[in-house]
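The values are calculated or read from the model by the stated rules, or taken from the named source; none is laboratory data. Nothing here was measured: the structure is a model prediction, and the numbers come from that model. Cβ: placed from backbone, ideal geometry, glycine included. Neighbour counts: every protein chain shown. Each accessible area value is taken on the protein alone, full model and side chains, heavy atoms only, with ligands, DNA and RNA left out. Shrake-Rupley method; radii C 1.70, N 1.55, O 1.52, S 1.80 Å.
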Amino acid sequence: MPPRLVQATDAAYWTGRPVGTIWRWASEGRIQSYGGRYDLHELPQAERDEWTRALVRPGATPPLPVGVKAA
């Protein structure tokens, strides 16, 4: 499946998280950044209301890479 690269704002909507969280996940190695863009296939999808698109539940937090300990 080819990557679907999107900007941080679109990744934030997809995951139901703030843009800063997307940047932090990338800096921690939880997700990969491709020149400031992010692959939707690597991001956890948020649960949204079918009709209003309101956020019901944000996507799960991706795990830290193996060998990295949380601060």
Exercise. Please give the per residue accessible area of the stretch 25-70, computed with a probe of 1.4 Å over protein heavy atoms only, in Å².
Key: 70
Self-check item: Rounded tilt (10° steps) of 19-28 against the dominant C-alpha axis of the chain
Solution: 30
Self-check item: Option label - semi-axes √(5λ) of the Cα gyration tensor in Å computed here, alternatives (i) 39, 10, 8; (ii) 42, 12, 6; (iii) 21, 15, 11
Solution: (iii)
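Once the other residues with Cβ under 12 Å from the Cβ of Thr21 are scored (Lys, Arg +1; Asp, Glu -1), what is the net sum?
Working: positive: Arg17, Arg24, Arg30; negative: Glu28.
Charge balance near Thr21 sits at +2.
In whole percent, how big is the carbon plus sulfur part of the accessible area of the chain, probe 1.4 Å, protein atoms only?
Working: 2730 of 4950 Å².
The nonpolar share, carbon plus sulfur, comes to 55 percent.
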Practice problem: Note down the net charge around Glu47, summing +1 for each Lys or Arg and -1 for each Asp or Glu among other residues with Cβ under 15 Å from its Cβ. | Solution: +2
Quiz prompt | Most positive-pole-ward Cα, Met1, Trp25, Thr15, against dipole of the chain from beta carbon charges | solution = Trp25
Quiz item: For the stretch 35-71, which trypsin sites (Lys or Arg not before Pro) are in a loop by DSSP, counting at most 10 other Cβ atoms within 10 Å?
Solution: Arg53, Lys69
Quiz item: So if R0 is 30 Å, what FRET efficiency would Val56 and Ser27 give, r being the distance between their Cβ atoms, rounded to the nearest 0.05?
Solution: 0.65
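Where Lys and Arg each count +1 and Asp and Glu each count -1, what net charge lies around Gln7 among other residues with Cβ under 15 Å from its Cβ? Intermediate results must be reported in sequence, preceding the final value.
Working: positive: Arg4, Arg17, Arg37; negative: Asp10, Asp39, Glu42.
Around Gln7, the surrounding residues sum to 0.
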